[in-house]
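A.B. asks: I have a structure I would like to understand better, so I am pasting it below and will then ask my questions one at a time.
Just so it is clear, none of the values below were taken in a lab; they were calculated from the coordinates. No experiment lies behind these values; they were computed from the predicted model shown. As a convention, Cβ positions derive from the backbone with ideal geometry for all residues, glycine included, and neighbour counts pool all protein chains shown.
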Amino acid sequence: MEEYKDFDDKSPPAIANTVRDTFCESFKWKGSLSRNSLSNDFKIPRSTSFQPKTPRLFEALEYQHVYTETDLFQTMKVYLEQKISVEKELINFIEKEIDDKLMEHIPKQIHETLPEISEKIRCLEVVYYIILQHFNHFEASDGNSEVDYDWDIEEISRVKEIMYEIFPTVKPDVIEEFLSGDRTICVSAVMLTMKAINGLNDMLANVLNENLKIKDSVKIGKIVIYAIKLAFCFEFLYSSLMADKESIFFNENNTRDIAILNKHLDVINPFDLDNHLKRLEKAGNNIGFYMGIAQKGFQHKSYTKSLVSMAYYSSLYFLNSKSGSDNGNLFMHTLEPETFGRMIQFPENRYIQSILTLTASVLSKVEVSKIIYVPISRIDQLTHETYLDNSSPFIVENRSGLNFMMTSRDVNPSDYVKVNIITNQDWGKVNWKTGKLLDPAASPAHIDGIILFIHGGGFISTSTGVYQPLLRKMNKETGYPIFSVDYRLAPKYAYPTGLSDCWMVYLWLQYYAEEYLQLTFDKIILAGDSAGGNLCTGVTLLSLLKSCKVPTGLSLIYPGMLVSRTHFIPSMLYSLDDYILNTVVLDFCVSSYDTKNNGDKDFLLSPNLAPEELICNDGKVCFPMTRIIISGNDPLRDTSLEFIIKMAKLGVDIQAVDYQYQIHGFIMFNMGPISFKESDHAIEKCISYTKEIIDQNADS
């Protein structure tokens, strides 16, 4: 592949010191913070001239955060003596000072949830108390463990009981273990979260001070957004207490894992960081602008009224783009359920799909795009009771009644899974108009391999339609036909339904394509982005668990490899400041999909938890060749890093590339008003990874 001109592709694959904390000049963290680096061999070029108009909590997090007990104590001391008053002022403002006139500008469900948000912010004080108790049990702060802060123990006890009610992930026995000193906290993880809370409070204090001078709906909206972010900080702070102290993120002595990651991860950096950050801020403003228009448009149930309304507000916000961006930002942090539901389903409108398909067809010159409906085996579909059953699938052992359908008429989603076939030639012995064999006596057509693509969208949105440009380009470059799965989406269909649908398609293609499509192939490659990457890995683990044919390889794009609210990783803090995958959106996706909160124990839901004996059995590596594209500023980033380390230790052929300073979903922004040049480069990288899997297995 040619070197992309806007990148420094010659960077060595050492990542330990590739990204340092970048904080906007408009605010700085206070407190004495020490930081240890793993390597001084390579550093990202720093941005010195560009200052975003809107302060962001994090431009980039370094890969390792090592802090001492003294660092945390000094930060907590300053924070409790000065900053916690901002949180109390916020609670007081929410409960007493927002008048009815201003409340009219806040979405209805926020009116109803503001009291709960206040209670969640109060819960932070319980964790602050736990942290200070840690120093009382383990005197590790230069002999000075006194903090000038008056704890109301009765209030702490009261809030603690409320905390157990509103946070189902919080375990009372764990809290008591911390308070009694039977369990120690992860200092570095707590320190990192406190820095985020400290920064939020700094920005919140400015907004509160401004609001004392003049009250308006825009500032109220900003206050509500900061309140929501602080409420989510409770879960981050609670989970950071229990973070793994041996992780490379918090332990500089874990040199083995660091060396493994250096070996298996390459880094691609923006050549011109200042210019990239400008484009990133512009993309953020554009996303807010379009979300503001969408929020107004999708308040209507009718698509016609929605389009008219969006046209009107497009003109209105064009004259005042900041107003549109502010409204969009508020919408992305409140997610009015009905409006948000209609918005995420809008790309599935048949007219939008037709435009996307036509555009992709013209640009890629890939003409054939067919739709079939693959049958669901009632016995083999996954449920919460059967998903870990390791018996061989029924449809593998008993081949009957699994013919596909070619028509969308009266298709029951509980009976069939929609599959889009994208190819540059009409292969096989099937008449795609009728679904009948052209020549029953003819031998099946044979091709080298196929690609099973599983789309992203947080398990709640999108379909094959919005991925047409990527899929057609992938088909053209590899020559492999692509089978793209439109699995059923949450919240209507929670886990494990989506995984079950993908599993059904995988089984059907592996074992029934010859019989019903008159097609045979040697290889099947799984590819997917975000939630789709998670599902690809889940399907692979299922094939190992149930002793079925294993995929040839995996090509994943910023996958979510751990769906858990209690596992702390540094990159999760990006969600406090992400343009797309912010705390509210991420929580909505997780809670909609994982309704039973099994993400911290179910390895099919969280592939990072997969048992080692499933990956490597009796010294034989069972997991297939894997390639991953990572976004540097992605809340999901560190789950991929953990996955890489685990798989590499077990001998899996795994490599990844990290596009620094890129946001989650950036590969989809390769055209239009929100676009990155790096997106085209990443698409080419994804395709080259797929070709590498094809070539590697051809050689073997």
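A.B. asks: Within the stretch 510-538, which residues have the backbone N less than 12 Å from the label spot 7 Å out from residue 448 along Cα→beta-carbon, could you tell me?
C.D. replies: 522-523
A.B. asks: For a quick check: with amide H placed at 1.01 Å from N, whose amide H comes under 5 Å from residue 371's, ignoring anything fewer than 5 positions away on the same chain?
C.D. replies: Amide H to amide H, under 5 Å and 5 or more residues apart or across chains, residue 371 pairs with 421.
A.B. asks: What nm value, rounded to one decimal, do you get for the distance between residue 438 and residue 206 when each label is placed 7 Å out toward the C-beta?
C.D. replies: So the two model labels end up 6.6 nm from each other.
A.B. asks: Here's a follow-up. What spacing in nm lies between the two simple spin-label points modelled at residue 406 and residue 173, each 7 Å away from Cα in the Cβ direction?
C.D. replies: Computed distance between label sites residue 406 and residue 173 equals 6.0 nm.
A.B. asks: So which trypsin sites (Lys or Arg not before Pro) in the stretch 236-303 pass both tests, a DSSP loop state and at most 10 other Cβ atoms within 10 Å of the Cβ?
C.D. replies: 301
A.B. asks: Could you compute the FRET efficiency for residue 587 and residue 299, with r as their C-beta to C-beta distance and R0 at 30 Å, rounded to 0.05?
C.D. replies: For residue 587 and residue 299, the calculated efficiency is 0.85.
A.B. asks: Taking 0.36 nm per intervening residue step and subtracting the Cα-Cα distance, what contour gain separates residue 550 from residue 255 on full extension?
C.D. replies: That pair, residue 550 and residue 255, stretches by 102.9 nm at full extension.
A.B. asks: Also: Can you put 255, 497, 566, 193 in order of Cβ neighbours within 10 angstrom, beginning with the fewest?
C.D. replies: 255, 566, 497, 193
A.B. asks: Something else now. Hey, quick one: spin label on residue 620, modelled 7 Å out along Cα-Cβ, who in the stretch 647-681 has an amide N within reach, i.e. under 17 Å?
C.D. replies: 651-653
A.B. asks: With an 8 Å cut-off on Cα pairs and a minimum separation of 6 or more residues, tell me the relative contact order of the stretch 368-699 in percent.
C.D. replies: Computed over the stretch 368-699, the figure is 16 percent.
A.B. asks: With 18 Å as the limit, write out which pairs from 282/677; 171/601; 263/649; 370/418; 473/691; 96/195 have Cα-Cα distances beyond it, or answer none.
C.D. replies: Exceeds cut-off: 96/195.
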